[in-house]
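*Asks:* Just dropping this structure here.
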Amino acid sequence: MKEKIRLEHVDAGFGEKQVLYDINLIIPERKVTVIMGPSGSGKTTLLRLLNRMHEEVRGAWIRGKVFLDGLDIYSLRDPTPVRRRVGMIFQRPNPFPKMSIYENVAIGLKLYGVKDEEFIRQKVREALEAAALWEEVKDELDKPGTALSGGQQQRLCIARALAVEPDVLLMDEPTSALDPISTSKIELLIRSLSKKYTIVLVTHNVQQAARVSDYAGFIHKGRIIEFSLTAEMLTKPKNELTERFISRRALG
Amino acid sequence: MNKISIKRRILNVIFYVLSAIALLLLVTPLVSIFSAVLIEGVKALSWDMFTKLPQPPGSKGGGIANAIQGTLILVSLSSAISIPIGFLAGIFMSEYSENGLSSFLKSITEILSGIPSIIAGLFVFSVVVLPMGTFSALAGALALSVLSIPLIARATESALASVPRDIREAALALGIPRWKAIIWIVVRAASGGIIAGIMLSIARVAGETAPLLFTAFGSQYFAKSLLEPVTALPLVIYVYGSSPWEEWVRLAWGASLLLVITVTMISVIVKERYGK
Amino acid sequence: MSLGERLFRALTEASSYIILFLVIAIGYSLLLDSLPVFTKFGIWFLFSSEWDPVRQIFGALPAVIGTLETSVLALVMATPVAVGAALFVHEISPAPIMRLFSPIIDALASIPSVIYGLWGLFFLMPLLKEWVMRPLNEALGFIPLFSGSPQGPSILLASVILAIMILPTIASLTLEALKMVPRELVEGALALGATRWEAVRITILPHASESIKASMMLALARALGETMAVTMVIGNTYKLPVSLLEPGVTITSIIANSYTEATSELHISALLALGFILLLISVVVNVISRRLLGRVGHE
Ligand SMILES: Nc1ncnc2c1ncn2[C@@H]1O[C@H](COP(=O)(O)OP(=O)(O)OP(=O)(O)O)[C@@H](O)[C@H]1O
Ligand SMILES: [Mg+2]
């Protein structure tokens, strides 16, 4: 397994409050790594450290090092190059309002300064295909993105992230606002995307972790308790806390 | 329900009657004003009204072409000044400033939007007209801008504030620099509210008279320069409307009709398109 | 930060400071311009009631009193009408009327004030003169408030116009407040056998009273600063008001009326000093009303 992201002795928090404690973690390349843990344990905070979105919250701070392909991303002054390489999908689908499906996917490239319309059109199509949305929307690219169904909107958001050609995708409970059918479509999509992208997925759904992920980390009260192959963690967890979390969730 | 005593029942009926009368009292002036403007205004309508200059008092005919021109000049010029400033100020309050600073600036904006409109005129009179030594279209437009800047800033700020935080985060997470994300994504998401606010502020200043008295001043001719006095529809309504000459009063009603149609059209459009 | 980022941020920041600058500059310049008149007459500017541009004597009292009198009178007349109408629409009338109400309010609020003035001059004045002022004068002429010989332009007429103009402010905020009263309260009262009026009095009015007060302050601020409509109908006679049926003067009307003739420095200074007084009054009233509004949860 090849390392994509590495965290070394990372502490993070908001103002007085420390949320993450001494996180050491290696995220493997082109695999799906799932982060599990109880509510409030710091999953979202951890995820947002990886594309420097953490610092967008007033009072947020971080100590320690986060490497992406060996480069310490917090040594850069400007966070935007990191964010271009690390796409993010949110809990609720959030297509840009007042923009067509096409514009939603194209806007990233356009705002990077890409002028070549033909190139953009090509990228939009590829992204929509990769997000398994092309067949459904190819005849109505001019429709507003917000007019799609919830599941389609989430796939549109995935396409929007893919269009700017990142190599990492961060997903924060991407299916928690969706119905079961849309959820399984997204899960399939995650599997297929993992051939090309490094994916970090936050979920507190153990079954979902089992279905889509290769590796799993368990976080509790801001500390990584366990990290291993998903199959291993789900079948024979080493830590008691992990075991309790898994068995409780697995039951329902 | 025969338990309800006569007295209580009578009180209730009085309540119904009085509140119905109140509604009637509220609606009657509106109906009366609109029909007055419509009837008297239509009587005044003529081709000359749109094409001719006003005639000297006492003589027949004449029009308010110069006032139409003046209003267009004043409104365009003040839009050119106040839209960028108000819009950018609204962006700062919503997107850049810390909470404390933002609420301070918002309350300052409230104060500016609450000052009487004639004060805006006096202020521009004192800092522009007196030093320049002349009334002018520019001064009039500046006075109107003092009124519309806070309106536009407030509308922009509140439209932006209603854009969900998620949208900004999604934009930033794409690696788009903040200023581009604001201009091309957040502002676009809020565009309905912003445009509505701008249009309503234009409608408001188009009908303002008081700030023009000491600034644009009024004129009997077409404006040839922004540094000369100009007249405007509301000024014509005031001056001609309170004059003793029948012909001028007629023109005042004509001007009122134009103004009411403009203002009403803007607010109907805003309602229809932006649901404000 | 990139250059674009810095530039854009600086632009927005500068724009919002323009607003702050305007507020300060308006206050400062009006104060500065008032100095000549205050140095010449001192505090007596506020308490003298003479206004004679020819002899260069200026006193603010009639205008200040006229402004307060017309505005307060307008508020007294408008509040029951606006609140009553809002109550009728919200509690009694069928839904279609309720839907018509806010366009009506908006329309009333969007009419330019100079058109109120024109309408007041040609339609309201004759009506009021014939049906209100004359009878009042004939019946109660012995009371100073209704004395004199009513010609039309008057403090009463100005107040009525102002009242009409502030109706939308009070009505719309009151209606909003009524909508915020929990429905169960009213229905509970009705279920207990209260009449509609009792339900309104017991449950709704106490809930809405803070909002109504706030809207009254806001309306007062509007009325104090209103210029054109008042100027056109008040008659502009510079004297301390006695009778409601006679012409009077307000701060705004004397300013608006003098715009073609003020040439001497002292005269201009006196007008700007009046403006400064008006600014102070209206900022204070506005700030109070915003406070009240904030407390009841608008904005
Ligand atoms: N903006 C913030 N300011 C202050 N504290 C925050 C902020 N965001 C999160 N926290 C705190 O940090 C801790 C971790 O939050 P985080 O959102 O990372 O948890 P999570 O594991 O994602 O929870 P959930 O499963 O509910 O999404 C929580 O105690 C939360 O209250
Ligand atoms: Mg979370």
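The values are calculated or read from the model by the stated rules, or taken from the named source; none is laboratory data. Just so we're clear, the structure is a prediction, and the values are computed from it rather than from any experiment. Please note: Cβ atoms are built from the backbone with ideal geometry, for glycine as well, and neighbour counts cover all protein chains shown. In case anyone asks, the SASA skips ligands and DNA or RNA and just uses the protein heavy atoms, side chains included. Shrake-Rupley method; radii C 1.70, N 1.55, O 1.52, S 1.80 Å.
*Asks:* Answer with yes or no whether A:Lys143 is in contact (Cβ under 8 Å) with a residue 40 or more places away in the chain, over 25 Å from A:Tyr102 (Cα atoms) and among the basic types (Lys, Arg). Before the answer, list the steps.
*Replies:* On the way: in contact (Cβ under 8 Å) with a residue 40 or more places away in the chain: yes; over 25 Å from A:Tyr102 (Cα atoms): no; among the basic types (Lys, Arg): yes.
Here the answer is no, as A:Lys143 does not meet what is asked.
*Asks:* Now a separate question. Can you tell me which residue within segment A:94-112, out of those that are more than 7 Å from every other protein chain (Cβ to nearest Cβ) and open to solvent by 30 Å² or more (accessible area, probe 1.4 Å), is farthest from A:Lys138 (Cα to Cα)?
*Replies:* A:Tyr112
*Asks:* Taking segment A:228-247 as the region of interest, how many residues are away from ligand 1 (no atom under 16 Å from the Cβ) and of a type in the set (A, V, I, L, M, F, W, C)?
*Replies:* 4
*Asks:* Here's a follow-up. Among residues belonging to segment A:44-54 that are within 10 Å of ligand 1 (Cβ to nearest atom) and open to solvent by 10 Å² or more (accessible area, probe 1.4 Å), point out the one that is nearest to A:Ser176 (Cα to Cα).
*Replies:* Within segment A:44-54, the match that is nearest to A:Ser176 (Cα to Cα) is A:Thr44.
*Asks:* Being within 16 Å of ligand 1 (Cβ to nearest atom), of a type in the set (Val, Ile, Thr) and open to solvent by 10 Å² or more (accessible area, probe 1.4 Å) is true for just one of A:Val10, A:Val57. Which residue is that? Don't jump to the end; show me each part of the working.
*Replies:* Working: A:Val10 fails: open to solvent by 10 Å² or more (accessible area, probe 1.4 Å).
Going through A:Val10, A:Val57 in turn, the sole match is A:Val57.
*Asks:* Can you pull out the residues in segment A:113-144 that are open to solvent by 50 Å² or more (accessible area, probe 1.4 Å) and among the hydrophobic types (A, V, I, L, M, F, W, C)?
*Replies:* Step one: of segment A:113-144, the residues open to solvent by 50 Å² or more (accessible area, probe 1.4 Å) are A:115-119, A:121-122, A:125-126, A:129, A:132, A:135-136, A:138-140, A:142-144.
The answer is A:Phe119, A:Ala132.
*Asks:* Filter segment C:37-65 down to residues that are open to solvent by 40 Å² or more (accessible area, probe 1.4 Å) and not hydrophobic (A, V, I, L, M, F, W, C), then give me how many there are.
*Replies:* Looking only at that region, the number is 7.
*Asks:* Every residue in segment A:211-227 that is part of a strand (DSSP E or B) and closer than 13 Å to A:Ile27 by Cβ, please.
*Replies:* Scanning segment A:211-227 gives A:Tyr215, A:Ala216, A:Gly217, A:Ile224, A:Phe227.
*Asks:* Return the total of residues in segment B:33-45 being over 23 Å from the mean Cα position of the chain (by Cα) and surrounded by fewer than 15 Cβ atoms within 10 Å (Cβ to Cβ).
*Replies:* 4
*Asks:* Give, as residue ranges, the helices (runs of 4 or more DSSP H) completely inside segment C:86-167 that count at least 3 residues that are closer than 30 Å to B:Arg204 by Cβ, facing another protein chain (nearest Cβ under 8 Å) and not charged (D, E, K, R). First the steps, then the outcome.
*Replies:* Numbers: elements: C:95-110, C:113-119, C:125-128, C:134-140.
Per the criteria, C:95-110, C:113-119.
*Asks:* Taking the conditions exactly as written (among the acidic types (Asp, Glu) and surrounded by 19 or more Cβ atoms within 10 Å (Cβ to Cβ)), does C:Asp33 satisfy them or not?
*Replies:* Spelling it out, C:Asp33 is indeed among the acidic types (Asp, Glu) and surrounded by 19 or more Cβ atoms within 10 Å (Cβ to Cβ).
*Asks:* Mind listing just one residue for me: the one in segment A:183-201 that is more than 14 Å from chain B (Cβ to nearest Cβ) and outside any helix (DSSP H, G or I) and, of those, nearest to ligand 1 (Cβ to nearest atom)?
*Replies:* A:Leu201
*Asks:* For the list (1) near ligand 1 (Cβ under 9 Å from one of its atoms); (2) within 14 Å of chain B (Cβ to nearest Cβ); (3) surrounded by fewer than 19 Cβ atoms within 10 Å (Cβ to Cβ), I need the number of the one condition that A:Pro38 fails.
*Replies:* (2) is the only condition that A:Pro38 fails.
*Asks:* Answer with yes or no whether B:Arg188 is assigned to a helix (DSSP H, G or I), under 19 Å from the mean Cα position of the chain (by Cα) and basic (Lys, Arg).
*Replies:* no
*Asks:* Please tell me if A:Leu141 is away from every other protein chain (no Cβ under 14 Å) and not in a helix (DSSP H, G or I).
*Replies:* Yes.
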